[in-house]
Amino acid sequence: MTIDGRQFRTVLGQFCTGITVITALDPDGEPIGFACQSFAALSLDPPLVLFCPTKGSRSWAAIEAAGKFCVNVLSEEQQPACARFGSREPDKFAGVAWHTSELSIPVLANSLATIECTVDSVVDGGDHHIVIGRVQALSESDPTAGRPLLFYRGQYTGIEPDKTTPAPWRADLDHFLTTTSLDTWL
């Protein structure tokens, strides 16, 4: 069966993803990075994450050579930075506030969270690599500082205002899930 590439993208676009920027220093010590929505937690013990850059990515080649990177989880207010890191601009850090962490990795200011990692392994994933990173340091912003920047159906989106707290039906759902038995499962 042949899968149409356009349909594949459209169908998978129904899955809402968060947006990150992966950053590092290139071999000359210059900051590099790219926008990435294929990021996920992988393991708690040991602490591992993954992301998937395209095989033709020049930024990934430099990050792989550096051997370490930072995952910057973007807030809604960082949409312009996301667009910049998703472009082919030669200096993606121009006009973007950042600093170098204690691990000598560029960290974007005002990110909701940052996850600093060393490259643990790289696996083939078709036209992408699957990069597994071993977490070395973590930080998060004030939980009331903002909402995440999301991508859905090919567009930026976000959480509706005042929807960052659990829905009132959550307690009912938790009760249902913890008291349901095999004979009452729908």
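The values are calculated or read from the model by the stated rules, or taken from the named source; none is laboratory data. Bear in mind the structure is a predicted one, so any value in this text is a computation, not a measurement. Every residue, glycine as well, gets a Cβ built from its backbone with ideal geometry; the counts of neighbours run over all protein chains shown. Accessible surface is based on the protein model in full, side chains and every heavy atom, while ligands, DNA and RNA are left aside. Shrake-Rupley method; radii C 1.70, N 1.55, O 1.52, S 1.80 Å.
Entry note: the stretch 30-160 has Rg to Rh equal to 0.93, where both radii use alpha-carbon atoms and Rh is the Kirkwood radius. Charge tally for residue 97 (other residues, Cβ to Cβ under 15 Å; Lys, Arg +1; Asp, Glu -1): 0.
Quick check: at a probe of 1.4 Å, how many percent of the accessible area of the stretch 1-77 sits on carbon and sulfur atoms? The nonpolar share, carbon plus sulfur, comes to 58 percent.
Sequence-distant contacts, meaning Cα pairs under 8 Å at least 6 residues apart, place the relative contact order of the stretch 113-152 at 41 percent.
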